[in-house]
């Protein structure tokens with residue numbers, strides 16, 4: 001059972017912040033949901049669209065009255081805000097964030113406070129970010145999505161429970177892991193794919209003679225490059241914030257691609273089939289995780305796995 | 001105005017062959033559409049589903065009576081079939097294919113006939129291949145899709161016209177280019193993205209500790225890896241058939257990725273923003289080609305381009 005909060009402050013009314021605010025408000029999980037955004041027009045729109053109850057133009061005053069503060073701003077801005085909030089927050093208040101990298105926030109807190117404040121709960125809802133702005137806010141955005149929390153040993157267990165139960169009340173599945181593991185996992189499953197897509201599109205677009213190549217591009221390319229339309233500034237920041245884990249993933253990927261290149265070059269059919277089949281099986285497995293239909297797809301996966309085994313044994 | 005054909009033989013009743021047959025039949029572009037497939041069950045199903053008028057279990061006899069033969073079989077099988085068909089075909093008959101690589105077919109014809117027969121028109125409809133089998137046949141599959149024909153100088157101009165007008169009658173846009181250019185373009189826009197997706201999923205799935213990584217994967221990864229579920233055997237064959245162009249594209253991509261890696265490693269924000277913004281602009285441009293809404297998206301592209309210019313000038 002979730003304890004009803006009095007005042008929740010959401011800083012940054014983009015897709016994620018707006019959806020969090022709207023989810024809390026529509027489910028009456030707080031008495032008052034207050035919004036703050038550097039763009040006052042977004043705040044006014046937030047009230048109009050029923051995303052928030054009210055907004056403040058004085059960030060520190062709003063922060064001093066809140067029982068829970070959610071930072072939903074770009075990764076780079078979170079550090080400065082965290083520092084400011086902590087100077088004015090109620091001692092009992094809880095603060096959390098939605099940034100897509102976690103080690104950098106914890107390191108920043110370490111630089112300022114010596115350690116992560118016990119009532120700051122680093123978090124990351126894994127939800128799409130194709131749309132932006134408060135008009136895209138959706139009270140059900142987090143339903144059936146995952147939210148990763150990365151508390152340290154010194155983090156207040158009670159504060160973690162409050163944040164976790166809020167996300168659960170919004171329909172999310174809450175997972176806990178170390179911030180290091182979070183950044184590794186995200187580097188592999190989100191940052192690397194985006195970087196590959198950006199790199200592919202940029203490489204293709206680089207040469208003058210390639211301009212017309214896009215004219216012929218079909219399905220595979222389209223799926224692949226959709227994510228290259230993501231915000232360049234956000235990805236610039238992520239590459240900075242999660243540099244080491246991303247470099248490590250690029251290196252692992254480059255090694256794998258190099259093995260595949262060698263197999264193509266040498267006409268090594270067995271290795272090619274092995275890679276393609278393993279990838280297909282893994283992809284099918286991934287689909288079962290996404291759709292929750294593990295048993296329906298199992299025969300397909302099993303068939304492929306048997307095929308692979310036969311090929312490798314043969 | 002398209003001249004009505006008497007007998008059209010479609011060899012291979014998969015998604016592409018079945019959809020071609022169904023498109024011809026439903027638009028009455030031939031008096032009789034005959035199907036052939038090594039799996040007789042697919043043939044019977046083809047008649048039942050109205051995809052073809054009749055089927056034959058004697059390939060050479062069917063080929064000897066056809067006015068037009070469409071080979072819609074895996075790339076590797078096309079060469080052997082081409083040779084067989086030519087020994088029995090009417091002198092006035094036209095033959096074409098739908099293979100996703102073109103140089104290999106032309107080289108194979110060269111080995112057998114010394115040159116490409118003047119009435120063989122290599123072709124490639126660029127249409128999705130996620131589904132398979134005659135039950136997936138769709139008479140409108142090629143509407144608003146591109147079909148690339150790669151005739152040589154010795155190819156019959158009249159035969160090209162017949163094939164082109166058939167595809168146009170099915171709603172496709174027909175383009176002509178050299179087979180070399182076709183293979184380059186496809187290596188860049190289809191084969192490379194598929195190889196990157198296969199390689200990414202295989203690399204992630206490789207290590208035991210990564211098994212749970214898929215559990216956290218979100219949007220970017222999903223878009224990226226959808227294409228890794230494609231048929232391993234088909235991609236094995238494509239890697240063989242278009243080896244040189246694919247290796248060249250892998251090398252260009254690897255160079256690009258290496259430049260991006262260096263920029264991340266060195267915290268070179270200007271280069272990162274340049275790559276990400278160019279990719280985004282190119283991706284938006286690609287979207288305009290796909291949707292035909294060039295003017296609607298132009299302001300976005302222009303804004304990004306200005307942003308980039310300012311960043312690079314600054």
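When the square roots of the Cα gyration tensor eigenvalues are ordered a ≥ b ≥ c, the ratio a/c for the stretch B:87-126 is 1.5 or more and a/b does not exceed b/c, which makes its shape oblate. Let me make sure I get this right: for the stretch A:121-210, a, b and c are the square roots of the gyration tensor eigenvalues over alpha carbons, sorted descending. Under 1.5 in a/c it's rounded, otherwise prolate if a/b > b/c, else oblate. Which is it? Oblate.
Report the antiparallel proportion of the DSSP beta bridges in the protein assembly as shown as a percent, rounded to a multiple of 5. Before the final figure, lay out the partial values.
Working: 8 of 52 bridges.
Close to 15 percent.
So what does log10 I(q)/I(0) come out to for the protein assembly as shown at q = 0.05, 0.12 Å⁻¹, using the Debye formula with one equal point on every Cα and no solvent? Treating every Cα as an identical point scatterer, log10 I(q)/I(0) equals -0.28, -1.20. Can you tell me how chain B classifies by the Cα gyration tensor, rounded, prolate or oblate, using a/c under 1.5 as the rounded cut? Cα axes put chain B in the prolate bin. Here the stretch A:232-252 is scanned for amide nitrogen atoms under 20 Å from the site 7 Å beyond the Cα of residue A:180 along Cα-to-Cβ, giving A:241-252.
Seen against the Cα atoms of chain A and their longest principal axis, helix A:294-313 is set at about 40 degrees. Please find the FRET efficiency linking residue A:61 to residue B:233, where r is the Cβ-Cβ separation and R0 is fixed at 56 Å, and quote it to the nearest 0.05. Rounded to the nearest 0.05, the efficiency is 0.30.
Restricting to Cα pairs below 8 Å that are 6+ residues apart, what does the relative contact order work out to for the stretch A:5-176? Please round to a whole percent. Could you put the intermediate results ahead of the total?
On the way: 362 pairs, mean separation 41.5, N = 172.
Value for the stretch A:5-176: 24 percent.
Taking R0 as 56 Å, what's the FRET efficiency between residue B:255 and residue B:83 from their Cβ-Cβ distance, rounded to 0.05?
On the way: r = 40 Å, r/R0 = 0.71.
With a Förster radius of 56 Å, E is 0.90.
Measuring how big the stretch A:72-190 is from its alpha-carbon positions, Rg and Dmax come out at 14.0, 39 Å.
Between helix A:157-169 and chain A there is an angle of about 70 degrees, using the helix long axis and the longest principal axis of the Cα atoms. Averaging Cα coordinates gives a centre for the stretch A:92-106 and one for the stretch A:19-44; these two points are 19 Å apart.
The angle separating the long axis of helix A:243-265 from the principal Cα axis of greatest extent in chain A is about 20 degrees.
For chain A, what's the relative contact order in percent, using C-alpha pairs closer than 8 Å and at least 6 residues apart? Computed value for chain A: 14 percent relative contact order.
Springs between Cα atoms under 10 Å define the GNM used for chain A, and in it the highest mean-square fluctuation of A:287, A:19, A:28 occurs at A:287. Each copy carries a label point for residue B:61 at 7 Å from Cα along the beta-carbon vector; from one copy to the others these points are 9.3 nm apart, nearest first.
Take residue A:157, push a point 7 Å out from Cα through the beta-carbon direction, and compare it with the same point in every other copy: 8.6 nm, smallest first. Sorted shortest first, the separations between the residue A:28 label point and its copies elsewhere in the assembly read 6.6 nm; each point sits 7 Å from Cα along the Cα-to-Cβ line.
For chain A, what does the helix formula give at 222 nm: sum of -39500 (n - 2.57) over DSSP H segments with n ≥ 4, over the residue count, nearest 500 deg cm²/dmol? Present the calculation step by step, with values, prior to reporting the outcome.
Numbers: 13 runs with 172 residues, N = 314.
Estimated from H runs of four or more residues: -17500 deg cm²/dmol.
How many percent of DSSP beta bridges within chain A run antiparallel, rounded to 5? The antiparallel fraction comes to roughly 15 percent.
The distance between label points at residue A:143 and residue B:266 comes to 4.9 nm (points 7 Å beyond Cα on the Cα→Cβ vector).
No value in this document is a laboratory result; all are computed from the given coordinates. Not measured: the values here are computed from a predicted model. Cβ: placed from backbone, ideal geometry, glycine included. Neighbour counts: every protein chain shown.
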